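Engineer: First the structure, which I've put down as structure tokens, then a few questions once you've had a look.
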Amino acid sequence: MSVALVNPRPHVFEPSNVLPLGLAYIAATLEENGYSPDVFDLNVEPKLKIPWSRYDIVGITTVTSSIKAAWQLCREAKCANPQILTVLGGHHVNALPEESVSLPDVDGVIRGEGEYAMLELCETIERGKSFKDILGLTYKVNGAVKSNEPRPLNRELDKLPLPAYHLFPLSKYESPERGGAQSGSMITSRGCPFSCTFCSIRNLHGRAFRPLSVNRVIENMHLLQERFKVDHIGINDDLLNANMKRLFQICSRIKEERFDFTWDTPNGIRVDLVSEEMFRTMKSVGCTRVCFGVESGSQYVLDNIIKKRIKLEQVRRAVRLAKKSGMEVHLFFVLGLPGETPNHMIETINLAMELNPDYAQFSIACPYPGTELYWQVKDKLLSDDWDYFGHWEGKAMFKGQEVAEPYFKLAYRRFYLMPRYMLRMALRRNSYKHFKKKIGTLIHFLKG
């Protein structure tokens with residue numbers, strides 16, 4: 001059984017240079033069970049040509065902005081090798097599985113986490129058995145779309161093998177924030193119990209916080225540093241500080257092991273689950289940057305529109321304490337939610353100016369399938385072209401959201417052209433490339 005795993009490159013938006021951990025875990029699970037998958041990350045190696053005729057099955061991970069690229073790959077695969085089985089997974093198809101399986105070149109969709117479903121699929125094909133017992137699989141039966149029962153969440157993440165980093169071109173995953181350092185990615189947990197209206201994470205990984213053991217986390221760090229010589233690790237949890245005691249234990253072990261890498265929290269941590277001691281400890285064992293999803297400067301928007309369950313005073317406290325520890329602070333803000341007014345957006349811009357983080361990312365809310373936001377505005381969408389579903393470009397996605405576009409530009413203009421910000425970045429060591437990129441992004445948005 002020959003398997004290809006593919007991360008497709010979006011047609012429109014700039015691709016991510018973050019290693020796709022979902023594929024890395026699937027690849028490792030297949031390897032552990034005797035398969036030898038090949039991995040193609042077209043985000044970082046766009047010129048790769050996939051030899052479709054070699055493979056019996058291809059698994060393609062998807063987000064909304066790459067789903068059409070995934071469909072195109074399925075067409076190419078079927079054209080070159082009509083017998084190949086094409087299977088999709090990831091956030092977009094988890095929300096809309098029938099959309100993809102109804103297409104002639106897509107044979108199946110794996111809903112939910114994919115490690116064991118993909119393994120069972122390979123084993124089932126080899127044994128010539130029916131797909132009816134593969135939990136979480138949506139597929140065709142005599143031309144009709146059939147969805148098997150959902151797959152329960154994996155409550156024993158330690159039993160998963162460590163990600164198959166060796167199958168990826170690790171030299172391509174540099175961290176611009178760290179001056180181009182060799183960067184690795186990992187997680188210490190899955191799941192998020194919160195209910196932000198624009199977020200789809202809980203639909204794929206569930207609401208239950210499911211941590212790996214501290215020992216397993218340290219094993220992963222040893223693998224990244226000793227075998228792959230990374231200088232920096234992005235811990236891509238959605239809720240790293242859900243259990244502060246556990247976070248202290250991880251930090252204590254990092255110190256004991258005398259690791260020689262820096263690390264950060266690119267997906268963000270909660271502002272309401274922090275302490276001065278936590279930040280000081282994280283800093284002391286190599287954490288260089290913390291990110292926070294602040295989202296809005298309006299308490300009304302946080303409470304009634306986003307359902308974030310945080311208070312602005314908690315935001316101010318978390319940012320103040322993180323700065324005091326000496327770490328960089330990166331904040332995420334979102335504009336253009338249904339029911340948000342221009343005054344609310346001005347409050348958000350003013351809060352960003354007040355907090356004065358090292359970096360601020362503003363976006364216009366994108367109604368990704370599977371989110372509460374999507375169902376709120378589904379009948380008001382300005383386009384059904386998934387290629388253009390992204391929160392990076394500052395473009396309205398549904399009727400009434402156009403009012404946010406000038407505030408998106410205003411946010412970038414006011415924040416990044418602050419004299420104190422420009423001076424701080426100009427004086428910072430190793431910041432030239434990243435600062436240049438930020439200014440380039442600013443110019444792009446203002447022109448757009």
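Engineer: I'd like to know if region 161-181 contains one or more residues that are touching a Phe, Trp or Tyr at 6+ places or on another chain (Cβ under 9 Å), surrounded by 19 or more Cβ atoms within 10 Å (Cβ to Cβ) and at pLDDT below 95.
Structural biologist: Looking through region 161-181, at least one residue is touching a Phe, Trp or Tyr at 6+ places or on another chain (Cβ under 9 Å), surrounded by 19 or more Cβ atoms within 10 Å (Cβ to Cβ) and at pLDDT below 95.
Engineer: Restrict the check to region 164-185 and report whether at least one residue is more than 30 Å from Y359 (Cα to Cα), in a loop (DSSP other than H, G, I, E, B) and not assigned by TED's automatic domain parsing to the domain that holds T288. Break it down into steps so the answer makes sense when it comes.
Structural biologist: The first filter runs over region 164-185 and keeps only residues more than 30 Å from Y359 (Cα to Cα), leaving 164, 166-167.
Checking the rest, the ones that are also in a loop (DSSP other than H, G, I, E, B) come to 164.
Then drop every residue that is not not assigned by TED's automatic domain parsing to the domain that holds T288, which leaves 164.
Scanning region 164-185, I find at least one residue that is more than 30 Å from Y359 (Cα to Cα), in a loop (DSSP other than H, G, I, E, B) and not assigned by TED's automatic domain parsing to the domain that holds T288, so the answer is yes.
Engineer: While we're on this one: In region 383-397, how many residues are under 12 Å from A365 (Cβ atoms) and out of contact with any Ser or Thr (no Cβ under 9 Å at 6 or more places or on another chain)?
Structural biologist: Selection size over region 383-397: 2.
Engineer: Still on this structure, please answer the following. Taking the conditions exactly as written (surrounded by 12 or more Cβ atoms within 10 Å (Cβ to Cβ) and either in contact with a Pro (Cβ under 9 Å, 6 or more places away or on another chain) or modelled with pLDDT under 95 (or both)), does A117 satisfy them or not?
Structural biologist: No: the conditions fail for A117.
Engineer: Assess whether F13 counts as being within 29 Å of I233 (Cα to Cα) and either in a helix (DSSP H, G or I) or in contact with a strand residue (DSSP E or B) (Cβ under 8 Å, 6 or more places away or on another chain) (or both).
Structural biologist: no
Engineer: Would you mind finding the one in I346, I306 that is buried (at least 21 other Cβ atoms within 10 Å of the Cβ) and among the β-branched types (V, I, T)?
Structural biologist: I306 is the lone residue from the list that is buried (at least 21 other Cβ atoms within 10 Å of the Cβ) and among the β-branched types (V, I, T).
Engineer: Then there is this: Considering each residue of region 66-85, count those that are within 23 Å of the chain's Cα centre (by Cα) and assigned to a strand (DSSP E or B), and give that number.
Structural biologist: So the answer is 0.
Engineer: When you scan region 51-65, how many residues do you find that are crowded, with 17+ Cβ neighbours inside 10 Å and either assigned to a strand (DSSP E or B) or not aliphatic (A, V, I, L, M) (or both)?
Structural biologist: Of the residues in that region, 10 qualify.
Engineer: Same structure, new question: Only one of these is at pLDDT 95 or above, surrounded by fewer than 18 Cβ atoms within 10 Å (Cβ to Cβ) and more than 27 Å from N220 (Cβ to Cβ): E76, E14. Name it.
Structural biologist: E76 is the lone residue from the list that is at pLDDT 95 or above, surrounded by fewer than 18 Cβ atoms within 10 Å (Cβ to Cβ) and more than 27 Å from N220 (Cβ to Cβ).
Engineer: Select the helices (runs of 4 or more DSSP H) contained entirely in region 344-433, then report the ones holding at least 1 residues which are of a type in the set (G, A, S).
Structural biologist: 405-416, 419-427
Engineer: Out of F228, F248, I need the residue that is over 19 Å from G184 (Cα atoms), among the aromatic types (F, W, Y) and out of contact with any Lys or Arg (no Cβ under 7 Å at 6 or more places or on another chain). Which one?
Structural biologist: F248
Engineer: Continuing with this model, one more query. Determine, yes or no, whether V315 is touching a Leu at 6+ places or on another chain (Cβ under 7 Å), closer than 15 Å to V271 by Cβ and either among the hydrophobic types (A, V, I, L, M, F, W, C) or part of a helix (DSSP H, G or I) (or both).
Structural biologist: No: the conditions fail for V315.
Engineer: While we're looking at this one, here's another question. Looking at region 30-42, which of its residues are buried (at least 21 other Cβ atoms within 10 Å of the Cβ) and not hydrophobic (A, V, I, L, M, F, W, C)?
Structural biologist: Selection gives P37, D41.
The values are calculated or read from the model by the stated rules, or taken from the named source; none is laboratory data. Computed from a prediction, not measured in an experiment: that's the story for all the values here. Cβ atoms come from the backbone with ideal geometry, glycine included; neighbour counts cover every protein chain shown.
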